[in-house]
1. Which condition from (1) surrounded by 18 or more Cβ atoms within 10 Å (Cβ to Cβ); (2) under 16 Å from the mean Cα position of the chain (by Cα) is the one that Ile56 breaks?
2. Please work out which residue is farthest from His7 (Cα to Cα), limiting yourself to segment 38-74 and to residues that are of a type in the set (S, T, N, Q) and in contact with a strand residue (DSSP E or B) (Cβ under 9 Å, 6 or more places away or on another chain).
3. Quick one: is Glu30 modelled with pLDDT under 90 and surrounded by fewer than 14 Cβ atoms within 10 Å (Cβ to Cβ)?
4. Mind checking which residues of segment 126-149 are under 18 Å from Arg11 (Cα atoms) and outside any helix (DSSP H, G or I)?
5. Answer yes if at least one residue in segment 59-82 is modelled with pLDDT of 90 or more and exposed (fewer than 12 other Cβ atoms within 10 Å of the Cβ), and no otherwise.
6. Taking into account only those residues within segment 107-148 that are acidic (Asp, Glu) and exposed (fewer than 12 other Cβ atoms within 10 Å of the Cβ), which is nearest to Glu94 (Cα to Cα)?
7. Kindly provide the set of residues from segment 66-97 that are under 15 Å from the mean Cα position of the chain (by Cα) and in contact (Cβ under 8 Å) with a residue 60 or more places away in the chain, ordered by number.
Amino acid sequence: MKLIAEHRRARYDYLIEETLEAGIQLTGTEVKALREGRANIAESYASAERGELYLINSYIPVYAPAAQFNHEPRRARKLLVKKRELNKLKGAVEREGRTVVPLKMYFNDRGRAKLEIALARGKKAHDKREATKDRDWKRQQARLMKDRG
């Protein structure tokens, strides 16, 4: 698995409930730009529109050698999921107020571009403060155990 892009702040901003893997429908120049390892999914999200799931606001830069045959850097990209998974995600977003957030983009063993998406709920400010406090306490515990051991 070759990691292309990761949304590192997602686990801080959202409470991740369930993850799943989705394929991405890409053009040739997008794949070449991804192989160079230049992509950003930090500000993106997935949305169900017209009976399909799309990745909105992801950034894949233009591939310079392609010249006039390049792609749009911020276009909506179709995500390939099963119909049952799509209905489940769509229902959770509409009824329960969840968000579909991309966690990481990578090439699998067969060389296919995949996206790990998560069904998530947004954290409130006090939840974020609590998570920071817990993380700091665990770090301090590890230091104390290291000094004693």
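The values are calculated or read from the model by the stated rules, or taken from the named source; none is laboratory data. As the structure is a computational prediction, the values presented were derived from the model and not from experiment. Cβ placement follows ideal geometry from the backbone for every residue including glycine, while neighbour counts extend to all protein chains displayed.
1. (1)
2. Ser47
3. Answer is no for this residue.
4. none
5. Yes; the residues of segment 59-82 include at least one that is modelled with pLDDT of 90 or more and exposed (fewer than 12 other Cβ atoms within 10 Å of the Cβ).
6. The extreme case among them is Asp134.
7. Once the filter is applied, which keeps residues that are under 15 Å from the mean Cα position of the chain (by Cα) and in contact (Cβ under 8 Å) with a residue 60 or more places away in the chain, segment 66-97 yields only Val81.
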